[in-house]
Every structure is written in structure tokens, then in C-alpha cells.
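Down below is the structure, laid out as C-alpha cells.
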Amino acid sequence: MGRYTVKYDGHTLRRRQRLVAYVAMLAFGLPSVLAALVGGEAWPFLDYRMYAESKPTAEIDWLELVGRGPNGTTLRLDNEAYIVPFAYSELLRSLYTLDVLGESDPTPARRALAGLLDAYETQRRLGEHDGPPLDRIEVYRVRWTAQPGAANYDSPDSRTRLQSVSLPATMR
Amino acid sequence: MSALAAAWHAFWFAPAVPWPLGFCRAGFFGSFYVLFLSRTNLRWYALFPPGFYQPRSFFAWLSLPTPSWEVMGWLVTAFEISVILAALGLLTRLATLTAFALGLYVLGLQFNYGYLHWAHAIVPIVMGILALAPCGDALSLDALFRRVVTGNAGEAGGQHRWPIQLVRLVFVTVFLAAGLAKLRQAGLEWVLSDTLRNYFLENQYVFRSEGATTWGHLLADWLIVRPGLCRVFAVVVLAVELSTPAALFSRHAWRLLIPLLFLFQVGNALLLYQDFFFAYLGLYLFWIPWVDGGRGPGGKIRI
């Protein structure tokens, strides 16, 4: 074994085993530590910034996704069966990242909403869910002054339509 | 050997018997499969509407395409099989390597759709560490076959200690990162204002359906009308997150911090309606002090 081993308390560790250990430390330990200390994200090394922002007031600024049917039916799309594979809150957060607020260019958000409506109708026609037919999808910006238990959830302070996307004629 | 080098070697390479690492491997992969993978259909990630795709990280660097339903089905099936094999310790090296490579992709796919299950990120990292470690040397079918064929039962050595220490290091960086992110983004305002209370409130709106179906909202309601208590909680949360590296070196810190982190995560699930941490619940096994000779991190090592 000689020069290829290191003795520690009578136990030996081969050079190759030590090399593999250091490779693992460099590949997984170091990026984890750097992401924690410096910040930044490169999957799967994250800086876990959820809930990190200061939130000094109880003002809630959120979104609502609503589908409209051809005969005036209205459906809040918060049932996960309608928006597979998203959860409702995930979907709304995703829309924020696509600039659904229209602060610079809402085109990507409108394209994504069209895809969502297309997927909803396709899945409905395949019998994957029992939702009503929809020909339009709308996103609203909703604001509340928060109350315990979300007591005023159904009566927000304001509700403003941000985007409305219709089903293409070929899908109707 | 200098004191620093001796401490470094003692931390990473002090000899350890093989079975605690084998137990951690079996427990991590087994719990990941039973508690998460068998209850989550990752194949659905192929159904994201295309307009939502915003490739990031290596998905962008390598211009990886989005998978079809069929391809995703094969990838997820292979991932599931590799996780089961890794838990059993059958073809352990191949199984852990496959689980790492496929986990990186199938778990990371959602990262490209604007929202992330933060808690899942540590899973492929740990799979990668175990893929490089001799984690099949004990409590595995491979070890059983090896023992039958060669009579070799595996020897104690530093190769069975560093993987556990490295998983612990990665584990504490998750919480350290969360604490430092709060300081970077909000500073002490995070504990001096009603920030935590307002997050409790906000999530009752954001996670309306999740909140309505758990009893956590009753506890959240109770806390929300006690802003002073919420601030005390905020101080405790930040202090615990920033202190977690101490659990690597101090037995006293380990005894205090690891149970607190567990409670902290239970609180996250109940009060903020986050997913319960099933995907990496098994990582707490790495903190059971067997590998340290029964004394916990920083304790005297006995083999």
C-alpha cells in the first residue's frame, strides 16, 4: 500500500478514495457554500431566498385567473385538475415571471395564457377533467388589506383586469 | 501534522464503520421513494404548456428541449427504478449515479417554469454525493452478495465518514443560505417589522385552498393577533438559520439545532402552508450520531 495510502488512527484511506472525496467536496460542497454566502442560483445550488424580503405592511397584491365560457359561465381556475401540472399559486407566480403585469412586455404572458387555455380545452375534450367549455381566459390583479383567516377574500379592495386571451377560432 | 490539518482530517476522514452510511443511503432513497416519489407523478411535468418554458441554469446552457410525454415517462420510470435499486443497494454505484443524473433533470425541470419547489434542490445534490461514496459497502444487497462470494464484510475507514459529513454540510447550507438571504434582502427589518406576521397573513390569501384544508390556519390566526410573539418567532427563526453551521462542530449545538430545524420545517408546513418536507425527510437520518460513535458531531470518536 505504501505511498498510495494515508494512515489515520491505524485505518488506511487509499489515495483514490481521498481524491474522490475531494472531488465530491468541490462538486457539491463548495457550490452549496458559495450559493449560501454570495447568493445566486444555478440549479440545484440555490440561495433559498423565499420569504427573505421585508414585508412591513399587510397589503396583499396577488392575481386571479378566471375562465369565461361561450354562454357567460365564469370559472375561477384554482382547481388543479384544470391547470395540470401547476398548483394554482405556482401558476400565478409563473405568470409574474412572464410579466403578466405588463411592466415591460406582456407578450410572453399572453402566449403562455393562450397555451394554458389550449391545454384546458384539449384536456376537457379528452375527458381528463369535467370543467365547462371556455373560450376566454382572464388574469386579474387583486388587492386586499389582509385580515386574519382571509376574512375579506371574496371582497378585495380592488380587482383590475390585466390580460384577456381568447381561444383561437380553430379550437372553437 | 498541524493542528488545523489534524482537525480537517478528523472532521472528514476519521474512520467510521460502513453500516451507518449504508443505513443513511437506504433511509434516504427509501423515504424519498415512499414519501415523495410514489405519491408524485413527475410525468406531469411534460404537460406544462409550452409558453411557460423559461430555460434556466444547465437547461439553458445546454439548450435542453422540453420532453414529450413518452420521453418523460421513460425518464421518470428509469428514475424510479434507480431510486428503488439505490435504496436496496443493488448495483449501488450504477443506481446512485443514474438517480443523480435523472434526478437532476426530472426534478429540475419545473425550475424552468417560473416557480420552484425549493426544498427539492437538495435531493439531487445528496444523490450526487452518494453516487461518489462507497455507500453500498453495508446494508445493501451488493454487500450481502459480496460477503457470500468473498467473505469480505467491508472495513472501517474515512471513506465511510466524509459522505455523511458532506451531506451534513450541504444540509446546513440550506438554512444558512435562507438566513443570509433575509439579511441581504431585508436586513434587520426582517425581525424588527411585522414581516413574519404579514407572511402568515399573505399566505392565507395566496394558498387559499391549502390553508382551508389544514388546521395550521387556526394556529396562524392565533399568532397573527399576537404581533409581539410573531417578532419573537422571527428572531428565533433568523438566529437558528444563521447558527446551523455550529451543528457540524458542536455536540451541544447539534442537540439544540437539529430538533429546532425539524420543528421549524413543521411550522413552515403548518403556518405558511408549504409542502411538507417529505422529499428530504430522510436527510435527518444523517444527523443520528452513529457515525460519530454514538456521541454526535464534535463528540469523541469510538470505533
**OP:** Could you check B:THR214 against (1) assigned to a helix (DSSP H, G or I); (2) over 28 Å from B:CYS24 (Cα atoms); (3) of a type outside the set (A, V, I, L, M) and say which number it fails?
**Re:** (1)
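Does region B:223-241 hold any residues that are open to solvent by 70 Å² or more (accessible area, probe 1.4 Å) and more than 9 Å from chain A (Cβ to nearest Cβ), and which are they? Walk me through how you get there before you give the answer.
Our first condition is that a residue be open to solvent by 70 Å² or more (accessible area, probe 1.4 Å); within region B:223-241, this holds for B:225-226, B:231-233, B:235-236.
Scanning region B:223-241 gives B:ARG226, B:ARG231, B:VAL232, B:PHE233, B:VAL235, B:VAL236.
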Original post:
Of all the residues that make up region B:237-257, how many are under 18 Å from B:LEU192 (Cβ atoms), touching a residue at least 12 places away in the same chain (Cβ under 8 Å) and either touching a strand residue (DSSP E or B) at 6+ places or on another chain (Cβ under 7 Å) or among the aliphatic types (A, V, I, L, M) (or both)?
Top reply: 4
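Determine whether B:THR244 is under 17 Å from A:MET50 (Cβ atoms), in a helix (DSSP H, G or I), more than 9 Å from chain A (Cβ to nearest Cβ) and at pLDDT 95 or above. Working first, answer last.
Working: under 17 Å from A:MET50 (Cβ atoms): yes; in a helix (DSSP H, G or I): yes; more than 9 Å from chain A (Cβ to nearest Cβ): yes; at pLDDT 95 or above: yes.
It is true that B:THR244 is under 17 Å from A:MET50 (Cβ atoms), in a helix (DSSP H, G or I), more than 9 Å from chain A (Cβ to nearest Cβ) and at pLDDT 95 or above.
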Original post:
Given (1) of a type in the set (A, V, I, L, M, F, W, C); (2) touching a strand residue (DSSP E or B) at 6+ places or on another chain (Cβ under 9 Å); (3) exposed (fewer than 15 other Cβ atoms within 10 Å of the Cβ), where does A:LEU126 come up short, assuming only one miss?
Top reply: (2)
Original post:
So A:GLY72 fits all but one of (1) within 7 Å of chain B (Cβ to nearest Cβ); (2) open to solvent by less than 70 Å² (accessible area, probe 1.4 Å); (3) in a loop (DSSP other than H, G, I, E, B); what number is the exception?
Top reply: (1)
**OP:** Would you mind telling me which numbered condition in (1) under 26 Å from B:PHE277 (Cα atoms); (2) at pLDDT 95 or above; (3) in contact with a Gly (Cβ under 9 Å, 6 or more places away or on another chain); (4) surrounded by fewer than 17 Cβ atoms within 10 Å (Cβ to Cβ) B:PHE58 fails?
**Re:** (2)
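Inside region B:225-241, can you point out the residues that are hydrophobic (A, V, I, L, M, F, W, C) and not in a helix (DSSP H, G or I)? Can you show your working first?
First, the residues of region B:225-241 that are hydrophobic (A, V, I, L, M, F, W, C): B:225, B:229-230, B:232-240.
B:VAL225, the sole residue that qualifies.
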Subject >> Failed condition for B:THR98, given (1) open to solvent by 40 Å² or more (accessible area, probe 1.4 Å); (2) at positive phi >> reply: (2)
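The values are calculated or read from the model by the stated rules, or taken from the named source; none is laboratory data. All values derive from a computational prediction rather than experimental measurement. Please note: Cβ atoms are built from the backbone with ideal geometry, for glycine as well, and neighbour counts cover all protein chains shown. These accessible areas exclude ligands, DNA and RNA; they are computed on the full protein's heavy atoms, side chains included. Shrake-Rupley method; radii C 1.70, N 1.55, O 1.52, S 1.80 Å.
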